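The values are calculated or read from the model by the stated rules, or taken from the named source; none is laboratory data. Please read these numbers as outputs of a predicted model, since none were measured by experiment. Glycine also receives a Cβ, built like all others from the backbone with ideal geometry; neighbour counts cover every protein chain displayed. Quick note on the areas: whole protein, heavy atoms, side chains included, nothing else; ligands and nucleic acids left out. Shrake-Rupley method; radii C 1.70, N 1.55, O 1.52, S 1.80 Å.
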Amino acid sequence: MAIEEPEIIDTSKMSAGQRAAIELTEAARTTPGGKTFVAGLFMGEFNLDGVSPFPSQSADDRARGEAFLKKLETLLREKVDADEIDRTGEIPQPVIDEMARLGAFGIKIPTEYGGLGLHQTNYCRAAMLLGSWCGNSTALLSAHQSIGVPQPLILFGTEEQKKKYLPRVAHGEISAFALTETGVGSDPAAMTTRAEPAPDGNSFIINGEKLWCTNGTKAGVIVVMAKTPPKIVNGKSKEQITAFIVETNWPGVEVICRCRFMGLKALYNGVIRFKDVRVPRENILMAEGKGLRVALTTLDTGRLTLPAACAGLAKRCLEISRKWANERVQWGAPIGRHAAIADKIARMAANTFAMESMVLLAASHVDKDKHADVRLEAALCKLWATEAAWEIVNDAMQIRGGRGYETGESLKSRGETPIAIERFLRDCRINTIFEGSSEIMRLFIAREMLDPHLKVAGAVLNSKLPMSQRSRAAVKAFWFYARWYPVQWLPAIGGGVRNPALKRHLSFVARTARRLARGIFHSMVRYGPKLEREQLLLFRFVNVGAELFAMTATCLRADQLSEGRGDGEILRVADYFCKSARLRIEENFRHIGRNADHAGYHVAREALEGRLTEVERGIVE
Ligand SMILES: Cc1cc2nc3c(=O)[nH]c(=O)nc-3n(C[C@H](O)[C@H](O)[C@H](O)COP(=O)(O)OP(=O)(O)OC[C@H]3O[C@@H](n4cnc5c(N)ncnc54)[C@H](O)[C@@H]3O)c2cc1C
């Protein structure tokens with residue numbers, strides 16, 4: 001159960017813009033009752049409760065998913081021409097209609113509202129299938145279900161709202177989510193779209209313009225974020241953001257233009273204008289002023305779709321690369337026998353297995369409880385998988401050589417198989433930008449990572465609080481750290497798996513979680529409230545946490561899959577993944593102590609001030 005918590009971040013020395021952003025997102029934050037596996041890792045704990053043995057789908061749930069997934073797979077293979085969709089920039093209406101007939105617009109919507117009522121794992125498996133085939137279809141269905149109307153409505157909708165809208169969106173009425181504006185990317189505090197209460201008291205009037213609204217040009221209903229009048233909280237005026245369900249055929253809703261991008265050529269994405277749009281009060285989601293919480297909580301689970309789709313894409317790249325590396329002979333051997341190409345293939349296989357394991361582990365928590373707190377797990381999946389997928393597609397292009405860079409159409413015209421790696425690359429690039437860019441994901445994870453410390457010691461450092469309160473907090477913090485800190489130096493052992501090599505890797509995870517917790521604590525002591533500005537340092541801690549989560553998910557799943565099987569190939573994949581992850585972890589730790597961050601920051605400042613004229617000389621301006 002989520003509860004609100006008091007202000008624990010000192011915003012007194014921040015710029016007005018930064019303070020507004022922090023205060024708004026802090027107010028929208030919820031804190032869960034219990035601690036998840038990943039949250040524990042950042043505090044030096046290695047508690048496998050709930051993750052070991054690796055949670056597997058029940059046979060019944062799997063069978064229910066299978067029936068739908070088979071139909072979806074057939075539809076994709078037989079009716080969805082991903083290259084043609086990319087070339088024309090349109091998903092044919094019959095394909096969309098067929099998807100709707102299969103129930104693909106209502107995968108997670110409960111059956112009583114006309115959906116398929118499948119669980120998160122089955123939804124992720126659908127995203128994986130889609131991601132392996134067509135980025136545009138993935139984006140259509142994912143924006144509709146992961147961030148559009150279904151997910152927030154399932155989580156926060158009133159019974160009337162659910163009865164009114166869920167059957168419509170389940171049967172194929174397309175939905176979208178509109179937060180971004182020209183001046184609002186990662187920072188919602190700057191929002192200018194406003195919803196003013198109408199004199200009748202029963203409705204709001206929305207005015208504003210939303211940018212890059214995926215599905216917006218085809219949607220029947222959109223979740224729109226708008227500022228409602230500020231409220232006085234503790235004597236201070238607080239900005240309010242409210243989420244509204246808006247029907248696009250209401251007077252005043254207008255699609256201004258369709259936006260086009262480097263990839264995802266058939267994205268139905270546009271600029272949507274709202275001019276004096278009257279929205280009934282009953283179309284508010286959750287409550288007035290809770291819009292950001294609706295958005296953040298929706299994304300907590302919604303964020304699992306992208307990494308699932310990335311896992312599908314990565315599998316596809318592996319299949320293509322494997323075949324080509326066997327078939328293509330250069331310098332007297334299939335290119336897969338050359339160590340440089342073999343290295344890419346090994347990394348591709350290991351990272352693909354890891355990303356799928358992370359997603360399935362996080363999804364299993366949501367299967368058990370749709371309100372489960374997976375914000376850290378989902379954010380780590382999103383961050384890690386989107387970055388790994390980008391590297392995988394890039395490597396697949398390198399392995400395919402010139403054919404990787406050539407379009408599918410051109411390959412076909414020369415009589416070769418139209419394998420469009422260049423399309424995958426174009427479609428994949430956006431994944432580290434939308435639904436929380438990698439930088440914002442790292443900041444978000446860092447905030448969660450520091451949360452237990454802020455709860456214990458935040459008040460000590462908060463200069464806005466009276467001295468008496470700070471002194472009391474200091475005593476409390478002293479007693480907490482007097483017990484907690486020495487434990488972080490004790491040896492730790494892993495467990496949860498049978499295979500000896502994987503056991504050793506999990507012991508490394510357990511030990512390293514303590515090293516990570518010590519490192520975070522030492523940095524807090526060293527930098528105090530200024531730690532928030534040390535982004536690169538925080539990001540390295542986040543990177544270590546992400547690798548530890550990936551290693552755990554990988555080992556547990558490999559152990560489960562290998563049970564009762566004679567072959568050890570999946571164990572070797574997991575072992576190789578862990579060996580590589582350990583090197584990346586060591587590198588992050590090394591760079592915490594020794595780096596060129598400050599020198600780099602100075603160079604960036606000089607570049608930003610336009611003083612690197614020599615470096616920029618010799619170009620067409
Ligand atoms: C194809 C596409 C589809 C989209 N679909 C939707 C949609 O359906 N609905 C919707 O509401 N929005 C949508 N968006 C918007 C998308 O979510 C934003 O692009 C994203 O949030 C980033 O915002 P921005 O592009 O304005 O970047 P900015 O916020 O301006 O950031 C620019 C860069 O600075 C970095 N940065 C920003 N702040 C910080 C910081 N504090 N510290 C370090 N780095 C920072 C960012 O990570 C990024 O690299 C879509 C965008 C695209 C391109």
**Complete:** Here the residues within region 253-268 that are touching a Lys or Arg at 6+ places or on another chain (Cβ under 6 Å) and away from the ligand (no atom under 13 Å from the Cβ) are E254, I256
**Asked** Taking interchain pairs and intrachain pairs at least six residues apart, which have beta carbon atoms under 6 angstrom, with the first residue in region 360-387 and more than 18 Å from A39 (Cα to Cα) and the second part of a loop (DSSP other than H, G, I, E, B)?
**Response** D367/H119
**Asked** What do you reckon, is T228 surrounded by 18 or more Cβ atoms within 10 Å (Cβ to Cβ) and within 15 Å of the ligand (Cβ to nearest atom)?
**Response** no
**Message:** Checking A176 against (1) of a type in the set (G, A, S); (2) within 21 Å of N431 (Cα to Cα); (3) open to solvent by 10 Å² or more (accessible area, probe 1.4 Å): exactly one of these is not met. Which one?
**Reply:** (3)
**Request:** Name the residue, out of L155, L211, L140, that is closer than 19 Å to R303 by Cα and within 12 Å of the ligand (Cβ to nearest atom).
**Result:** L140
**Failed item in (1) within 23 Å of G172 (Cα to Cα); (2) without any contact (Cβ under 8 Å) to a residue 24 or more places away in the chain; (3) not acidic (D, E), with P251 passing the rest** = (2)
**Message:** Taking the condition of being under 12 Å from M397 (Cα atoms) and either buried (at least 21 other Cβ atoms within 10 Å of the Cβ) or of a type in the set (D, E, K, R) (or both), how many residues in region 413-431 meet it?
**Reply:** 7
**Pairs with Cβ under 9 Å, 6+ apart, first in region 184-196 and at pLDDT 90 or above, second within 11 Å of the ligand (Cβ to nearest atom) and open to solvent by 80 Å² or more (accessible area, probe 1.4 Å)** = T192/T182
**Complete:** Taking region 179-192 and keeping only residues that are open to solvent by less than 30 Å² (accessible area, probe 1.4 Å) and away from the ligand (no atom under 11 Å from the Cβ), one is left with A189
**Request:** Identify all residues within region 110-127 that are hydrophobic (A, V, I, L, M, F, W, C) and open to solvent by less than 20 Å² (accessible area, probe 1.4 Å); write none if there are none.
**Result:** L118, C124, A126, A127
**Asked** In this structure, is R322 open to solvent by 10 Å² or more (accessible area, probe 1.4 Å) and more than 30 Å from I241 (Cβ to Cβ)?
**Response** yes
**Request:** List every residue pair whose Cβ atoms lie under 8 Å apart, where the two residues are 6 or more positions apart in sequence or sit on different chains, the first residue falls within region 75-102 and is closer than 19 Å to S142 by Cβ, and the second residue, located anywhere, is among the aromatic types (F, W, Y) and open to solvent by 20 Å² or more (accessible area, probe 1.4 Å).
**Result:** L76/W133; V80/W133; A82/W133
**Prompt:** Given the residues K315, K265, which is the only one that is modelled with pLDDT of 95 or more, among the charged types (D, E, K, R) and surrounded by fewer than 19 Cβ atoms within 10 Å (Cβ to Cβ)?
**Reply:** K265
**Prompt:** Could you give every pair whose Cβ atoms fall below 6 Å, whose first residue belongs to region 414-441 and is touching a residue at least 24 places away in the same chain (Cβ under 8 Å), and whose second residue is within 9 Å of the ligand (Cβ to nearest atom) and β-branched (V, I, T), counting only separations of at least 6 or pairs across chains?
**Reply:** S438/T432
**Item:** Filtered residues of region 432-475 (kept if touching a Phe, Trp or Tyr at 6+ places or on another chain (Cβ under 7 Å), within 10 Å of the ligand (Cβ to nearest atom) and either more than 21 Å from M524 (Cβ to Cβ) or open to solvent by less than 20 Å² (accessible area, probe 1.4 Å) (or both))
**Value:** T432, G436
